[in-house]
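The values are calculated or read from the model by the stated rules, or taken from the named source; none is laboratory data. For clarity, every value in this text was computed on a predicted model and none was experimentally measured. Cβ placement follows ideal geometry from the backbone for every residue including glycine, while neighbour counts extend to all protein chains displayed. Heavy atoms of the whole protein, side chains included, go into the accessibility calculation; ligands, DNA and RNA do not. Shrake-Rupley method; radii C 1.70, N 1.55, O 1.52, S 1.80 Å.
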Amino acid sequence: MRITGTGHASMRIDTDAGSILCDPWVNPAYFASWFPFPDNSLLDWETLGDVDYLYVSHLHRDHFDAEHLLRFISKKATVLLPEYPTSQLEDELRDLGFTSFFRTKSDEVHELDGGLKVMIQALISPTDGPIGDSSLWVEHDGVRLLNQNDARPSDLSRFAELGHVHAHLLQFSGAIWYPMVYELPTAAKTAFGKQKRDRQFDRTWRYIDDLKADHVFPIAGPPCFLDDELWQFNDIFGDEGNIFPDQSVFMSEYAKVGGTNGVVLLPGSVSDVTAGSIETTHPTDVDEFFANKKAHLEEMRDRKAPIIAAEKASWRHPEIDVLGELKKRIEPLLEESIYLAKGVGGPVRFDLVNYDGDAIESIVVDFPGKQVRAYADEKVRYRFRTQRELIEHLIFIDEGDWVNSLFLSCRFSAARIGQYNEFVYAFFKCLSEERLQYAEGWYDEHEKSVDAEDTHLGDWTVQRRCPHLKADLSRFGIVEGNVLTCQLHGWKFDLPSGKCLTSVGHKIRAEKTNP
Ligand code: FES
């Protein structure tokens, strides 16, 4: 089996029974803030795109690049489709001209022509990707590969039981706006960033240890930020609180925990993997490349500047009545929302900054009052500050997912009183009837099923499934004193009170076994 690195979470897998291109992403995503790192735009995409199968793991724009798919990927390719609850991924691919779809069943092995076996595990909670994320398992001629990309299954047992895996490709770096956009003192931001960076690595080690593959490939990040306004997010300033460590940092951190089987793929690197060997060639010296990272980014920044300028020029729509339009779009959704609205529990304020940089308009999405209205000098727990033109653009393109556009762009700042509240972001990724109904249904079912079974951790009997996303706490739970930490996403719970210390809601059922 041959794996060609094509940048970020993307790779091409070649076997004698056919080729699969995964998540090809080249054009900037999220308001031109994220670019693939290292640069992959100079690869021979005409050739790479001439494939038998296409796999797009999910609709996040650093995995689904409509412009690139349209231009370079063969429409004769059969799409390997994850089993998602909504048809949006298929619809968007059909709009681009793909007509051949192979609908997989989650967690089921499918045999394709020539004996190529594939399995896609679809994760479908409202917090997985933009409603859905997935991993691809491939087997041919006794060689097995897992492209986990940035999916976070609660464990990898379904893959492990299919036999020893030879190549495991997974995310290790950050892909979020926390804590950089928070209006916090620098020292606090650094401390939170460091915690986040450590947690990302811990989670990666856990997955690696779960699967025990022969070779581990760090993929799916980090992106790079080429706009001057976001340049500080690149991990080139020795900031220990930067959440975007690159592949060379992965290799040194992995070595510290005893990892010796890491393989870095640059765009254009090729790994030939058999059941007993691996041979990798690179387009340039890997160590030298990372030693010159800053120069690479500066050169990219100059080359891509016109693309950023052109995108920026398309965001302004001064004719749009932002408050009126948000009222029209969001109020019907607030009316229908039970779980999300209750979960947010208060007003969320948006400060929109005009074209000259002065705050001009403060809008409140009032979840208890089911209203979108002008800010009325009240106390709010969540506040976002962003450019008015970004919201104008979201309205103009009728964007139904502000996470997969505004929030991932990092082109905003945020302040909150109290804990993180995942319902805020879950709601703003569900700004359509279909998505909102799905998310409401999911939370309804989740609430009923999550605390049925128990497990024992130290002196405590606790519900077996994590109140966050159902991780098995007999595997992921660690108790220190009276605090339980679920290692899947690092959420903490105070056991005597059951209170979640990481986010609003999400109470855990716990009882001291030997009081
Ligand atoms: S499942 Fe996310 S912290 Fe437990």
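Just a few scattered comments:
- Each semi-axis of the equivalent ellipsoid for segment 76-171 is √(5λ) with λ an eigenvalue of the Cα gyration tensor; in descending order they amount to 22, 18, 10 Å.
- Chymotrypsin sites (Phe, Trp or Tyr not before Pro) within segment 197-280, DSSP loop, no more than 16 other Cβ atoms inside 10 Å: Phe237
- Applied to segment 39-55, the Karplus parametrisation 6.51 cos²θ - 1.76 cosθ + 1.60 on θ = phi - 60° returns per-residue 3J(HN,Hα) values of 4, 10, 6, 9, 5, 7, 6, 4, 6, 4, x, 8, 10, 7, 10, 10, 10 Hz, with x for Gly and Pro.
- Accessible heavy-atom area order of Met300, Met180, highest first, probe of 1.4 Å: Met180, Met300
- Solvent-accessible surface (1.4 angstrom probe) belonging to Ile478, in square angstrom, nearest 10: 70 Å²
- Treating each Cα of segment 11-160 as an identical point scatterer and summing with the Debye formula, the log10 of I(q)/I(0) at q = 0.12 Å⁻¹ comes to -0.47.
- With each label modelled as a point 7 angstrom along the Cα→C-beta vector, the Ser100-Gln232 pair spans 5.0 nm.
- Over every Cα atom in segment 277-365, the radius of gyration and the widest Cα-Cα span, Dmax, amount to 23.0, 62 Å.
- When Lys117, Lys212 are compared by accessible area at a 1.4 angstrom probe, the order from most to least is Lys212, Lys117.
- What the phi angles of segment 18-24 give under the Karplus curve with 6.51, -1.76 and 1.60, with θ = phi - 60°, is a coupling list of x, 10, 10, 9, 10, 6, x Hz, glycine and proline written as x.
- Within segment 115-207, GluC sites (Glu not before Pro) in DSSP loop having at most 15 other beta-carbon neighbours inside 10 Å: Glu161, Glu183
- Cα-based Rg and Dmax for the chain, where Dmax is the largest Cα-Cα distance (Å): 22.8, 67
- Here segment 183-264 is treated with +1 on each Lys and Arg Cβ and -1 on each Asp and Glu Cβ, and its dipole about the Cα centre works out to around 400 debye.
- Of interest is the spacing of the C-alpha centroids, which for segment 140-160 and segment 378-404 amounts to 36 Å.
- Lysines whose Cα lies under 20 Å from that of Lys304, excluding same-chain neighbours fewer than 8 positions away: Lys293, Lys294, Lys312
- The separation of segment 319-355 from segment 191-222, counted between C-alpha centres, amounts to 36 Å.
- Taking only protein heavy atoms and a 1.4 Å probe, the accessible area of segment 358-515 is 49% carbon and sulfur.
- Under 20 Å from Lys448, Cα to Cα: lysines that are on another chain or at least 8 residues apart: Lys342, Lys470, Lys499, Lys507
- Under the combined filter of DSSP loop state and at most 11 neighbouring Cβ atoms within 10 Å, segment 266-303 retains none of its trypsin sites (Lys or Arg not before Pro).
- Computed [θ] at 222 nm, deg cm²/dmol, the chain (DSSP H ≥ 4; -39,500 (n - 2.57); rounded to nearest 500): -8000 deg cm²/dmol
- Under the Karplus curve 6.51 cos²θ - 1.76 cosθ + 1.60, θ = phi - 60°, whole-Hz ³J(HN,Hα) for segment 464-476, x wherever Gly or Pro sits: 5, 9, 4, x, 6, 10, 6, 4, 6, 6, 5, 9, 9
- Once all protein chains are placed together, Cys410 keeps about 10 Å² accessible to a 1.4 angstrom probe.
- Charging the Cβ of each Asp and Glu at -1 and of each Lys and Arg at +1, and nothing else, the dipole of the chain about its Cα centre rounds to 1400 debye.
- Here Lys212 is the anchor, and the lysines within straight C-alpha reach of less than 21 Å, apart from those fewer than 8 places off in the same chain, are Lys117, Lys256.
- Carbon/sulfur fraction of accessible area - segment 175-317, other protein chains in place, 1.4 Å, %: 52 percent
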